[in-house]
Amino acid sequence: MPLVHHELCFGCGRVNLFGLLLEVQEVAPGSVAGRCFLKQDHQGADRGQGHEGVVGASLLEAMALACGPNARALAFEVTLRAPTPVGTFLELEARVERRDGPIAYAIATASAEERMVAQGRGRFRA
């Protein structure tokens with residue numbers, strides 16, 4: 001069963017047609033995997049390529065869901081590795097690296113067409 005915050009969440013909401021419609025499932029405690037589809041509405045400055053902010057939002061959403069349904073971002077960093085073509089699935093994996101009291105530290109990767117396009121790291125209040 002996919003993890004979601006609520007039905008209108010930009011990242012994981014099932015009825016937000018302008019959102020990412022990210023679907024992730026827990027694959028181990030503190031670890032999720034799934035995907036979203038980069039639509040033409042997600043284009044950035046380069047025609048046919050996904051907007052960097054959309055790629056970052058997908059990583060952030062995956063990390064937050066890995067940390068738990070009530071986790072909220074405190075800080076995050078994205079490293080872009082390659083352009084992400086529109087019209088492809090963005091495959092995401094995220095996991096909690098460690099917890100320090102109510103703070104969780106997570107990492108994530110995003111791949112498209114079998115190559116890594118971005119990595120993320122974040123700090124969340126769980």
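Things worth noting here:
- Matching residues, segment 64-107, being touching a strand residue (DSSP E or B) at 6+ places or on another chain (Cβ under 9 Å), part of a loop (DSSP other than H, G, I, E, B) and not small (Gly, Ala, Ser): ASN70, ARG81, PRO83, THR84, VAL86, THR88, PRO102
- Among the numbered conditions (1) out of contact with any helix residue (DSSP H, G or I) (no Cβ under 9 Å at 6 or more places or on another chain); (2) without any contact (Cβ under 8 Å) to a residue 40 or more places away in the chain, the only one that LEU80 does not meet is (1).
- Residue check for GLU26: within 12 Å of the chain's Cα centre (by Cα) and among the charged types (D, E, K, R): no
- When each of GLU7, GLU61 is tested for being surrounded by 21 or more Cβ atoms within 10 Å (Cβ to Cβ), among the charged types (D, E, K, R) and either assigned to a loop (DSSP other than H, G, I, E, B) or touching a Cys at 6+ places or on another chain (Cβ under 8 Å) (or both), the lone residue that passes is GLU61.
- Within segment 44-53, the set of residues being in contact (Cβ under 8 Å) with a residue 24 or more places away in the chain, out of contact with any Gly (no Cβ under 7 Å at 6 or more places or on another chain) and either crowded, with 16+ Cβ neighbours inside 10 Å or not in a loop (DSSP other than H, G, I, E, B) (or both) comprises GLN49 only.
- Considering residues of segment 22-39 that are out of contact with any strand residue (DSSP E or B) (no Cβ under 7 Å at 6 or more places or on another chain) and not aliphatic (A, V, I, L, M) only, the residue surrounded by the fewest Cβ atoms within 10 Å (Cβ to Cβ): PRO29
- The residue that is surrounded by the fewest Cβ atoms within 10 Å (Cβ to Cβ), counting only those in segment 10-21 that are farther than 15 Å from ALA57 by Cα and not β-branched (Val, Ile, Thr), is LEU17.
- Lone qualifier among GLU93, GLU61, GLU52 - being over 20 Å from HIS5 (Cβ atoms) and of a type in the set (D, E, K, R): GLU52
Results for (1) at pLDDT below 95; (2) within 17 Å of LEU20 (Cα to Cα); (3) of a type in the set (Lys, Arg), shown as yes or no for each residue.
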{"position": "CYS67", "(1), (2), (3)": "no, no, no"}
{"position": "THR79", "(1), (2), (3)": "no, no, no"}
{"position": "ALA82", "(1), (2), (3)": "no, no, no"}
{"position": "GLY87", "(1), (2), (3)": "no, yes, no"}
{"position": "ARG98", "(1), (2), (3)": "no, no, yes"}
{"position": "GLY122", "(1), (2), (3)": "no, no, no"}
{"position": "ALA126", "(1), (2), (3)": "yes, no, no"}
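- Residues in segment 98-115 that are surrounded by fewer than 13 Cβ atoms within 10 Å (Cβ to Cβ) and either closer than 30 Å to VAL86 by Cβ or free of Cβ contacts under 8 Å to residues at least 12 places away in the same chain (or both): ARG98, ASP100, GLY101, GLU113, GLU114, ARG115.
The values are calculated or read from the model by the stated rules, or taken from the named source; none is laboratory data. Keep in mind that this is a model prediction, so the values were computed, not measured. All Cβ positions, glycine included, derive from the backbone under ideal geometry; neighbour counts span all protein chains shown.
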